[in-house]
Structure formats: structure tokens, C-alpha cells
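Colleague: Here you go, one structure.
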Amino acid sequence: MAKIESETKATEELSIRQNMKPEIPVKGFDFIEFYVGNAKQARYYYEHGMGFEVVGYRGLETGERELCSYVLKQNNIKIILTSALSPNHPIADHVLSHGDGVKSIGFCVDDAASCYNTAIERGATSVSKPVACEDNHGKVISASVKTYGDTVHTFVQSNDYSGLALPGFKDINSWSGGTGLCTIDHVVGNVESEKMMEWVQFYKDVFGFHVFQGFNADDINTQYSALTSRVMANRAGTIKMPINEPAAGQKKSQIQEYLDFYSAPGVQHIAMSTNNIIATVEELRKRGIEFLSVPSAYYDTLKERVGAIEEDVQTLAKLGILVDREANGYLLQIFTKPVEDRPTLFFEIIQRKDGAKGFGKGNFLALFESLEREQDLRGNL
Ligand code: FE2
């Protein structure tokens, strides 16, 4: 326990020592937009599998000739699924290169134009200038800048909007009941070997974010491969974005497998929080969501590793939920298998107990080993 406390303290000191720019005032994650090959079928997965409510649609029926999108919500999580309606659209190129994946990580802000202008002054590359969209529910202003690969950050100002979805969307209301997913806890990016520190600098210089926690190849390694990671965060702790890069190992890193199949850096996983991970995972499994498996030996020594926990270890073992202790509290986590045929994007379900804020090193390693077993089955290790 003393070791964990000293690691947390060292990380805090590291962030204080950093030469930080004033933060762009990002309140938290807003929507995550996915570019997908078939938004109608993706909607079915997120609605009936993950428990999202479908609240909005735009497409041919709403006068949109180029693309179609669905807006889905569950508690504080909002996702947009977008497909092209012709092969000549940039969205079609994106799907051709990357398969289904995350295009935009939205940041909720009070003044999109001011945030965008600050980001551009500090060296960010523009994707779209501030634009206001209105309907009879009010106005949303958004603007986007580039980040790693073809991924973008969108500043979203929607204080003056009372609609369920977004301006220009037709309201729809379709819901099969929720699974208890509450908020976006963190969004993880994979970047190329030796590029991680460039992106760390980008988030420091442009957004004023700091390194919240770091993992080196010595921390996260298996018999075969390793990774290096830095968690970029805002001071309020509402934005946490780990950035991974592959590290040299005996065989191919699972980060490199992602980069090969996504054909670029991009979002590796999105962690969504729940207040009751056992109920959430039971419901998700019932709905057919597939999770990475955990060897039963993991649970044999769990109590010795993490101490007393409220959950029944046998239930956690049956569901494949991982546990890690921190200086404050503990984490419960589980990872889905990739949610498309390419071994790229997956989801994490996380419950933080008693004030746990970090990213358990033990779970990171368990994830890595679990991913490698799957990677081996795919012939990519
Ligand atoms: Fe994670």
C-alpha cells in the first residue's frame, strides 16, 4: 500500500512541476461521434446491446442527402453514429481506411468560439471553424481541431439548446431499457512508436492539460510485448485521456496490432462508468455483449492483492470483472472484445469505489495479457 501511495504522490508532484499553460475551460466530455459503415445496424448494437436510448435521426427523410446520423443517450453519455450515403463522401474514405471508429471526441464548453480560437493560437490545426446550428429548440455552436490520426476534438456549446438530440435532427424515442452506464470516464488513444511524448506536449501546449499518471514499459509488460502510456487530464478531473504507444518486445505489441488494422493512430477504447458494475455487466452479458476473459487464477489471490472489498469474489470471477487497489479506494473494470471485425475499438466498463481516481497498474497488465491471448488467436502476435 505504501508503494501505491508513493507512486500517486510522485505523479501529483510530476504534474505540479510541469510548466502548464492556462487550461482551455473544458467542462467534460460531450458527444463521441463514430463514423461507421452502416449507422442503422450500429444503432441496433448500441440500443439493444449497450442500452442506449435513440433520441435523434437525420438522413434522407430529414432532407440530408449526403450522410445519415443517429444520436443516442444513456444518462450523461451521448454518442453519434454517422454513415455516408455515397462513396464520394469523406466519411466513406474514413470507413474504407479505418473501418468503424471514433471520428470526434466532443468537449463540453461554455464558449466554443473562444476555446477554438485559443487552440488555434496555440498551434492546433483547424478542422472546422465555429458554426451555429439552430432549430426551434435553440442553438448549438461547435468547432473542431485535429488530434492524433484522423481523429478530431469538437468544442460543443449547447447551453442554449433544449432539444433531445441536436439541431437538424428529427426527434425519435426508441429505448429497450438502460444497462446503468452513466458517464464517459476516459478515452484512450493509440499512437505510433515514439510519438507519445509529442502528443503529451500537444495536450499540454494546446489545452493546458497535465500528465495525471504515467506507465512505462517496465510497468506494463508481458513475456511478449510492452506499452508506454501517459494519462492527460484537466485539473477538474473530468477529462482523462491516456495515450499509449507500443514498446519493443519479443513479439508484436497489441498497440501495434491496433495501428496496423486501423491504418493510423486512433481511439483504442472508451471507458464508461457505472454505479453497479455487477448489475451492468450481468445485463450487458444477457444482451450478448462479449467481454475479454480472465484466467480463474486471477481471482485465487485477489483478496491478498487488493484487501477487503464489498463485492463477492465468486460473482466477480463469474462475470470476469477485474479489481485493483489504489491509495484511495479501488477500481472494478472489465473490457469488451473489439466491437467490429478489425481488432481496433473496444469499450471498458468501470466502477470507482471510495474515491479511486487512477488507472490500476495491475488491471492494465491483466488487460494486456487478456488482449494478447485474443491477438494470438487472430494470428497477429
Ligand atoms: Fe481504460
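Colleague: Please verify whether the range 225-239 includes one or more residues that are open to solvent by 10 Å² or more (accessible area, probe 1.4 Å), in a loop (DSSP other than H, G, I, E, B), of a type in the set (Gly, Ala, Ser) and within 29 Å of VAL95 (Cβ to Cβ).
Modeller: Keep residues of the range 225-239 that are open to solvent by 10 Å² or more (accessible area, probe 1.4 Å), which gives 228, 230, 235-238.
With in a loop (DSSP other than H, G, I, E, B) added as a condition, the list becomes 235-238.
Now narrow it down to the ones that are of a type in the set (Gly, Ala, Ser): 236-237.
Then drop every residue that is not within 29 Å of VAL95 (Cβ to Cβ), which leaves none.
Among the residues of the range 225-239, not one is open to solvent by 10 Å² or more (accessible area, probe 1.4 Å), in a loop (DSSP other than H, G, I, E, B), of a type in the set (Gly, Ala, Ser) and within 29 Å of VAL95 (Cβ to Cβ), which makes the answer no.
Colleague: Another one. Among the numbered criteria (1) of a type outside the set (Val, Ile, Thr); (2) surrounded by fewer than 22 Cβ atoms within 10 Å (Cβ to Cβ); (3) within 11 Å of the ligand (Cβ to nearest atom); (4) in a loop (DSSP other than H, G, I, E, B), which one does PHE359 miss?
Modeller: (2)
Colleague: Can you tell me how many residues in the range 362-380 are part of a loop (DSSP other than H, G, I, E, B) and either open to solvent by less than 40 Å² (accessible area, probe 1.4 Å) or in contact with a His (Cβ under 9 Å, 6 or more places away or on another chain) (or both)? Lay out the reasoning, then the answer.
Modeller: Quick first cut of the range 362-380, residues part of a loop (DSSP other than H, G, I, E, B) only: 378-380.
So of that shortlist, the ones also either open to solvent by less than 40 Å² (accessible area, probe 1.4 Å) or in contact with a His (Cβ under 9 Å, 6 or more places away or on another chain) (or both) come out as 380.
Final tally of qualifying residues: 1.
Colleague: Here is a further query. May I ask you to verify whether GLY149 is assigned by TED's automatic domain parsing to the domain that holds HIS94, of a type in the set (Gly, Ala, Ser), assigned to a loop (DSSP other than H, G, I, E, B) and at pLDDT 95 or above? So that I can check it myself, show each step before the final result.
Modeller: Details: assigned by TED's automatic domain parsing to the domain that holds HIS94: yes; of a type in the set (Gly, Ala, Ser): yes; assigned to a loop (DSSP other than H, G, I, E, B): yes; at pLDDT 95 or above: yes.
Yes.
Colleague: To continue, here is another question. List the pairs whose first member sits in the range 168-194 and is open to solvent by 30 Å² or more (accessible area, probe 1.4 Å) and within 16 Å of the ligand (Cβ to nearest atom), whose second member is modelled with pLDDT of 95 or more and of a type in the set (A, V, I, L, M), and whose Cβ atoms are under 9 Å apart, counting only residues at least 6 apart or on separate chains?
Modeller: THR183/ILE77; THR183/MET272
Colleague: Let me ask something else. When you check ASN328 against the structure, is it modelled with pLDDT under 95, out of contact with any Phe, Trp or Tyr (no Cβ under 8 Å at 6 or more places or on another chain) and open to solvent by 20 Å² or more (accessible area, probe 1.4 Å), yes or no?
Modeller: Answer is yes for this residue.
Colleague: Moving on. List the helices (runs of 4 or more DSSP H) that sit entirely inside the range 244-347 and contain at least 2 residues that are in contact (Cβ under 8 Å) with a residue 60 or more places away in the chain and either away from the ligand (no atom under 15 Å from the Cβ) or β-branched (Val, Ile, Thr) (or both).
Modeller: 254-262, 277-286
Colleague: Ok, one more. Name the residue that is farthest from ASN76 (Cα to Cα), counting only residues in the range 203-224 that are open to solvent by less than 10 Å² (accessible area, probe 1.4 Å) and within 14 Å of the ligand (Cβ to nearest atom).
Modeller: ILE220
Colleague: Here is a list: GLU33, GLU61. Which entry is acidic (Asp, Glu), under 26 Å from PHE209 (Cβ atoms) and either touching a helix residue (DSSP H, G or I) at 6+ places or on another chain (Cβ under 7 Å) or open to solvent by 10 Å² or more (accessible area, probe 1.4 Å) (or both)? Reasoning before the result, please.
Modeller: Numbers: GLU61 fails: under 26 Å from PHE209 (Cβ atoms).
The conditions single out GLU33.
Colleague: Applying the selection to the range 162-207, what residues are closer than 18 Å to PHE359 by Cβ and in a loop (DSSP other than H, G, I, E, B)?
Modeller: VAL191
Colleague: Before we move on, is GLU198 under 20 Å from MET241 (Cβ atoms), more than 16 Å from the ligand (Cβ to nearest atom), without any contact (Cβ under 8 Å) to a residue 12 or more places away in the chain and open to solvent by 40 Å² or more (accessible area, probe 1.4 Å)?
Modeller: Numbers: under 20 Å from MET241 (Cβ atoms): yes; more than 16 Å from the ligand (Cβ to nearest atom): yes; without any contact (Cβ under 8 Å) to a residue 12 or more places away in the chain: yes; open to solvent by 40 Å² or more (accessible area, probe 1.4 Å): yes.
Here the answer is yes, as GLU198 does meet what is asked.
The values are calculated or read from the model by the stated rules, or taken from the named source; none is laboratory data. It should be emphasised that the depicted structure is a prediction, and the values quoted were computed from it without experimental measurement. With ideal geometry, Cβ positions are generated from the backbone for all residues, glycine too; neighbour counts draw on all protein chains shown. Side chains are part of the model used for accessible areas, which takes the heavy atoms of the whole protein and leaves out ligands, DNA and RNA. Shrake-Rupley method; radii C 1.70, N 1.55, O 1.52, S 1.80 Å.
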